[in-house]
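Worksheet for the structure shown next.
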Amino acid sequence: MSTIIPFGPQHPVLPEPLHLKITLKDEIVTDAIPMLGYVHRGLETLVSIKDLDQMVQVVERVCGICSCIHAHTYCMCVEGILGIEIPKRAEFLRIIWSELHRMHSHLLWLGLLADAFGMESLFMHCWRIRERVMDVMEATAGNRVIISINKVGGVRRDLSPDQLRWIAQVLDELERELDAIKPVLTNDYTVKKRTVGVGVLTKEQAYELGAVGPTLRGSGVAQDVRMTGYGAYKFIDFEPVVEKDGDSYARTMVRFRELYQAIDIVRQLIRKLPDGELSVKVKAAKPEGEIVCRSEQPRGELLYYVKGNGSKFLERVRIRTPTFANVPPLLAMLPGIEMADVPVVALSIDPCISCTER
Amino acid sequence: MFDMTRTIIANFFSKAHTRLYPLQTREPFPNVRGNLFNNIEECILCGMCQKRCPSQCITVDKESQTWQVDPYACVYCGVCVEHCPVHCLFMESPYRKPAAEKVMNRLVQVQGPAKKTKGAAQ
Amino acid sequence: MALETKNIAKTQLQAEVASLKAVGYRFVTLSCVDLGDSFDLIYHFDRELQMTHLRITVLKGDTVPSISNIYFAALCIENEIKDFFGISFDGLILDFGGHFYLEEEVKRYPFCKVSVKEPQAAKEGN
Ligand code: SF4
Ligand code: SF4
């Protein structure tokens with residue numbers, strides 16, 4: 001006999017309203033259907049009333065966690081259509097803030113995961129570390145999460161040499177603190193018991209179902225949009241983080257190792273940061289044409305399709321967020337696992353529902 | 001097995017990482033976009049800020065010589081500050097205090113800028 | 001930097017997508033643009049960080065063959081487009097009937113400049 005029970009939209013482990021209709025046979029999940037639409041805001045339609053520059057602030061609000069990267073990608077698109085080349089320093093600064101966003105997003109997620117399997121102390125600890133990154137963001141960009149530093153044509157704030165030194169110092173501390181929780185995440189019985197071998201997504205499945213980001217890399221596919229070298233990534237050496245097993249543990253490890261990678265990238269950026277202007281003047285821009293830009297968010301590949309119609313309002317901005325692509329893989333992970341594991345597996349794709357529904 | 005234990009014990013003997021807000025507050029960082037103000041006597045009421053604001057929270061009325069911002073709709077992005085031609089808008093780092101009632105930040109210009117500034121800006 | 005797309009007819013879509021899958025492309029997403037009296041559907045694919053785009057143009061009120069039988073991942077986006085633009089997809093493997101995001105009482109397609117009427121045949125779903 002099978003039972004259908006709703007998982008979400010309100011669930012203790014979910015910060016956002018993800019709703020899955022789960023079919024159970026005894027304790028085992030046999031099928032899952034996503035039900036979305038709780039936080040759909042229609043942000044894409046706002047293009048018709050917000051002009052080119054105001055849209056930057058709108059797209060930042062698509063996702064609260066990776067706002068900087070949304071704005072970055074949007075600006076890349078508009079600059080691409082207009083054929084503007086932004087100063088090199090601006091590109092570096094954009095990436096510095098993007099990588100800081102990646103750090104705080106991954107730390108937030110690690111905390112939530114720890115919370116999901118009931119390890120309150122680790123949850124608090126991750127968020128305490130995250131607070132350092134938030135402080136950096138607040139002090140340098142002016143806001144904590146939605147930092148509003150991108151604009152079409154460049155960035156709006158600079159980092160002074162003092163601030164750069166301070167960031168480097170914070171990164172060192174951050175690395176030390178991450179080292180302290182590393183044995184917990186990698187060896188702890190509680191963590192392993194709940195994640196190893198749970199929610200397995202094979203390499204072929206992951207690729208075919210269009211998984212992106214840590215979900216894809218956790219299954220052994222070395223794909224990271226940063227490798228295309230958009231923005232300042234072309235000046236940076238890094239290797240995508242890959243794990244082979246495809247279970248929740250592998251995805252956790254990908255994100256944890258990406259934290260170190262992000263620290264390393266920011267260090268490289270600070271070292272190589274060129275001098276120069278912060279932005280170029282974009283006067284009465286009227287873009288015409290289409291463009292597709294991609295970038296790597298903490299959760300995976302983000303795609304923007306922008307179409308301009310020769311006025312200061314864009315014709316269409318289409319946003320494909322990473323979680324949207326990770327929903328079908330999630331549906332493939334669920335069958336066969338126990339109901340009690342569903343929260344951890346659902347969290348392991350790092351769902352961001354307000355992103356998904358825009 | 002006891003990986004977290006070491007951290008927990010260390011935490012017992014170290015200083016608390018939290019503050020007893022509101023008894024104890026942290027100094028705000030400089031340059032934080034905490035609160036938006038207008039130096040109303042210098043404002044030329046041109047309405048640029050109103051036009052540029054992405055959240056439409058500023059209302060400029062030339063007739064009654066008022067400038068009003070809805071602090072609960074403002075997203076503290078600082079766009080208006082950048083676009084003000086006479087730089088009378090500015091942001092301060094202390095954040096707004098929580099309030100029990102929504103009060104608009106409505107400013108009435110009494111005198112207005114000196115003629116010279118006005119001429120120079122236009 | 002213009003977007004290079006391969007324009008194909010609606011009938012070629014299934015074959016074209018299947019051949020892309022055979023050479024190892026990953027389905028990224030599908031974008032829909034309202035052109036007034038027709039829609040542009042742009043299919044984005046990716047292989048080793050190189051993108052390929054297919055474009056089909058359909059008249060309002062027309063149906064489009066679904067590619068969710070080839071790429072399961074297309075299911076979400078096709079349902080989304082059905083919600084927002086009212087384009088019906090033939091052979092969607094899991095059809096939410098235009099209520100993927102939107103509630104039953106929504107009568108207009110929110111992303112259309114001119115709202116289209118849903119063809120009766122597409123109503124049934126499965
Ligand atoms: S832009 Fe500046 S001068 Fe113009 S109305 Fe606003 S505050 Fe006043
Ligand atoms: S800070 Fe931003 S949201 Fe607030 S009034 Fe200025 S432009 Fe508008």
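Could you put C:60, A:21, A:307 in order, starting from the residue whose Cβ has the fewest other Cβ atoms within 10 Å?
A:21, C:60, A:307
Grab the DSSP H runs of chain A that are 4 residues or longer, score each as -39,500 (n - 2.57), total them, divide by all residues and round the 222 nm result to the nearest 500 deg cm²/dmol.
Here the helix-only value at 222 nm equals -15000 deg cm²/dmol.
Looking at the square roots a ≥ b ≥ c of the eigenvalues of the Cα gyration tensor of chain A, which shape do they give, rounded for a/c under 1.5, prolate if a/b is larger than b/c, or oblate?
Judged from the Cα gyration tensor, chain A comes out oblate (a/c at least 1.5, b/c at or above a/b).
Once amide H atoms are built 1.01 Å from N in the peptide plane, which residues 5 or more positions from residue C:29, or in another chain, come under 5 Å H to H?
Residues meeting the amide H criterion: C:44.
Nearest 10 degrees, 0 to 90: what angle lies between the long axis of helix B:3-13 and the longest principal axis of chain B (Cα atoms)?
That works out to roughly 70 degrees.
At 222 nm, what value in deg cm²/dmol follows for chain B if DSSP H runs of at least 4 each add -39500 (n - 2.57) and the sum is divided by all its residues, to the nearest 500?
Value at 222 nm, helices only: -5500 deg cm²/dmol.
Does anyone have the angle between helix A:248-272 and the longest principal axis of chain A? Alpha-carbon axes, 0 to 90°, nearest 10?
20 degrees
Just want to confirm a number: the relative contact order over chain A, from Cα pairs under 8 angstrom separated by 6+ residues, in percent.
25 percent
With an 8 Å cut-off on Cα pairs and a minimum separation of 6 or more residues, tell me the relative contact order of segment A:24-138 in percent.
16 percent
Find the centroid of the Cα atoms in segment A:211-254 and in segment C:21-45, then give the distance between the two in whole Å.
25 Å
Can you find, among B:98, B:30, B:108, the residue farthest towards the positive end of the dipole of chain B? Put +1 on the C-beta of Lys and Arg, -1 on that of Asp and Glu.
Result: B:30, furthest along the dipole toward the positive end.
Counting alpha carbon pairs within less than 8 Å and at least 6 residues apart, what relative contact order, in whole percent, applies to segment A:230-358?
Result for segment A:230-358 is 18 percent.
Would you mind pulling out the separation of the Cα centroids of segment B:15-82 and segment A:1-17, in Å?
Rounded to whole Å, the Cα centres lie 40 Å apart.
Arranged by the count of other C-beta atoms within 10 angstrom, fewest first, what order do A:224, A:158 take?
With the fewest neighbours first, A:224, A:158 line up as A:158, A:224.
Would you list B:27, A:301, A:27, A:277 from fewest to most Cβ contacts within 10 Å?
Lowest count first: B:27, A:27, A:277, A:301.
When a/c is below 1.5 the answer is rounded, else prolate if a/b is larger than b/c, else oblate, so apply that to the protein assembly as shown with a ≥ b ≥ c taken from the square roots of the Cα gyration tensor eigenvalues.
Oblate shape, in that a/c is at least 1.5 and b/c is the bigger or equal ratio.
No lab work stands behind these numbers, since they all come straight from the coordinates. Remember, it's a predicted structure, so these values are computed and weren't measured experimentally. No Cβ is skipped: glycine too gets one built from the backbone with ideal geometry, and neighbour counts run over all protein chains shown.
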